[in-house]
Amino acid sequence: MAETNPYDEFDSLSGAPMPGIDDAPGDDGKRDEELAALRKQADDQRALYLRALADFDNYKRRNERDSQTRSDAGRREVLKKLLPALDSLQRAVQFRTRGTPPEQIVDGLLAMVKQFEAVLESENVRAIETLGKPFDPAISEAVGTASDGSVPDSTVLDEARRGYRIGDDVLRPAQVIVSKRD
């Protein structure tokens, strides 16, 4: 037999009807209609939630696809700009096999350097000027030191590899030789 608490008239173990829950005098089905309406409202809200979730998922996929398409198009444009310089390099190889004088080949190579620089400039990429300036670790990395009494300490003496900026951001830091007094 279930225990009952004589001080709790709403004891769930008592088995007695609970006022306001188990007995609804004069209900006449109104409560069932309200419950059905609330269930329909919950189902409608759930359907709206699932639809919004699916729409957001589709939006993310579409956004990723569009981003990839734009990235691919940008990459193609840059590569198209580089192809003329590659063509020039291939012509230089052909001139060498034909016995063209070295001075003309060097002149052609210098022209190709200008082509590459023009492509980089069209993409807002510029060389970082470091020679003769104080060493700045934000735009260059020191790969060596050399003693030179004619310049102050920590002055860039030589570039082992040129650095580049794209806009205001460093694309590749310069690798430099820095002065250091013994």
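Every number in this text was worked out from the coordinates using simple rules, so none of it is lab data. Treat the numbers as computed from the prediction; the structure is a model and nothing was measured. Here the Cβ is made from the backbone with ideal geometry for all residues, glycine too, and neighbour counts use every protein chain on show.
Numbers below:
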| item | result |
| --- | --- |
| Potential extension, V93-R31 segment - 0.36 nm per residue separation minus Cα distance | 13.2 nm |
| Taking only Cα atoms of the range 127-182, radius of gyration then Dmax in Å | 11.0, 38 |
| Summed residue charge, Cβ within 13 Å of R70's Cβ, Lys/Arg positive, Asp/Glu negative | 0 |
| Net charge, R165 excluded, C-beta distance under 13 Å - Lys, Arg +1, Asp, Glu -1 | -3 |
| Tensor-based shape of the range 32-123 (alpha-carbon gyration tensor, a/c under 1.5 rounded, otherwise prolate or oblate) | prolate |
| Reachable lysines from K81, criterion Cα separation under 18 angstrom, eight or more residues apart if same chain | K114 |
| Distance from the range 115-132 to the range 157-174 (C-alpha centre basis), Å | 9 Å |
